[in-house]
Amino acid sequence: MARSRKRRPPTARSVTRRGRGVRGPMLPPTVPAWRTRGQKFDRLVLEAFAPLDTRWHDRLTKLDIAVDDVPKIRPLHPDSVTWPDEVVADGPVPLSRLIPAGVDRHGTATRARIVLFRKPLELRADDPEDLLDLLREVLVQQVATYLGVDPDVIDPDAG
């Protein structure tokens, strides 16, 4: 007497348990969809900073650009929300900050750096082109503050 063996359809658990799950990455590293949001943002920052760097490279050699996800700074006066000149903000939300060169707690000299806050900037842009324009604006303002000149001097085409 032969019994007919009905096989159950494979489930995700049985496939993984028997070693027949996903064996490699779903996307190859060469396609744009493989990059994380942070990596895409970093690439846009470099693209936005490139024209400024080519024009002002000799004066920006001691300036670093950094990216942080969210701001960890608070306004000087919480009631009126005023920010120092080193902070570019949209109302109560800071978008970037210029940290001047100085000395850290260990006595090591630090370089000046512009810190861009990724999430507030991304939330204010509708698409990557808007984000690139916003990054250019913020970087022009921060470089102007760093060099002590008017933003129109840094990027005359912005107006």
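Quick rundown of the values:
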{"item": "Residue check for V45: outside any loop (DSSP other than H, G, I, E, B), modelled with pLDDT of 70 or more, in contact with a Gly (Cβ under 8 Å, 6 or more places away or on another chain) and under 24 Å from D133 (Cβ atoms)", "result": "no"}
{"item": "Total residues in region 145-159, condition free of Cβ contacts under 8 Å to residues at least 40 places away in the same chain and crowded, with 19+ Cβ neighbours inside 10 Å", "result": "0"}
{"item": "Hits in region 67-90 - residues which are exposed (fewer than 13 other Cβ atoms within 10 Å of the Cβ), modelled with pLDDT of 80 or more and under 22 Å from A101 (Cβ atoms)", "result": "K72, P84, D85"}
{"item": "Among (1) in contact with a Gly (Cβ under 9 Å, 6 or more places away or on another chain); (2) in contact (Cβ under 8 Å) with a residue 24 or more places away in the chain, the one test that L121 misses", "result": "(1)"}
{"item": "Boolean, V15 is modelled with pLDDT under 95 and touching a Lys or Arg at 6+ places or on another chain (Cβ under 6 Å)", "result": "no"}
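The values are calculated or read from the model by the stated rules, or taken from the named source; none is laboratory data. Here the structure is a predicted model, which means the values were calculated and not measured. When we count neighbours, we look across all protein chains shown, and the Cβ atoms used for this are built from the backbone with ideal geometry, even at glycine.
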